1. Consider region 49-58. How many of its residues are exposed (fewer than 15 other Cβ atoms within 10 Å of the Cβ) and either within 8 Å of the chain's Cα centre (by Cα) or under 10 Å from residue 14 (Cβ atoms) (or both)?
2. Taking residue 46 as the residue in question, decide whether it is at pLDDT 90 or above, among the hydrophobic types (A, V, I, L, M, F, W, C), surrounded by fewer than 11 Cβ atoms within 10 Å (Cβ to Cβ) and in a helix (DSSP H, G or I).
3. Tell me whether region 18-40 contains one or more residues that are among the hydrophobic types (A, V, I, L, M, F, W, C) and in contact (Cβ under 8 Å) with a residue 40 or more places away in the chain.
4. Give region 12-52 a look and list any residue that's among the hydrophobic types (A, V, I, L, M, F, W, C) and either touching a Phe, Trp or Tyr at 6+ places or on another chain (Cβ under 6 Å) or closer than 26 Å to residue 72 by Cα (or both), or say none.
5. With under 30 Å from residue 72 (Cβ atoms) and without any contact (Cβ under 8 Å) to a residue 24 or more places away in the chain as the only criterion, which of 9, 56 stands out?
6. When region 8-37 is examined, which residues are found to be over 19 Å from residue 56 (Cα atoms) and surrounded by 13 or more Cβ atoms within 10 Å (Cβ to Cβ)?
7. Outside any helix (DSSP H, G or I) and modelled with pLDDT under 90, is that true of residue 72?
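The values are calculated or read from the model by the stated rules, or taken from the named source; none is laboratory data. Here the structure is a predicted model, which means the values were calculated and not measured. Methodologically, a virtual Cβ is constructed for each residue, glycine included, from the backbone with ideal geometry; neighbour enumeration extends over all protein chains shown.
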Amino acid sequence: MEMIALGAAIAVLTGAGAGVGIGIATAKATESIARQPEAKGDIRTALLLGCALAEATAIYGFVIALLIISKM
């Protein structure tokens, strides 16, 4: 039973990784826009796509954690 809870906790940790990744990506995008303002649209598009993919991995981890806990 404790191993199931540990597995769920590890699955939820994907949210922390996604948060750090999105923070770093946002910082880099802000720096890029500051250096080259005319590329703002392209940078924003790439940033939103990357953030969506990172957030999706966090949501998958959360769903997996819920599925693991439901087995308890």
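1. 4
2. no
3. First, pick out the residues of region 18-40 that are among the hydrophobic types (A, V, I, L, M, F, W, C): 18, 20, 22, 24-25, 27, 29, 33-34, 39.
Filter again for in contact (Cβ under 8 Å) with a residue 40 or more places away in the chain, leaving 18.
The answer is yes; a qualifying residue exists.
4. First, pick out the residues of region 12-52 that are among the hydrophobic types (A, V, I, L, M, F, W, C): 12-13, 16, 18, 20, 22, 24-25, 27, 29, 33-34, 39, 43, 46-49, 51-52.
Matches in region 12-52: 12, 13, 16.
5. Going through 9, 56 in turn, just one is under 30 Å from residue 72 (Cβ atoms) and without any contact (Cβ under 8 Å) to a residue 24 or more places away in the chain: 56.
6. 28, 29, 32, 33
7. Yes; evaluated as a whole, the condition is true for this residue.
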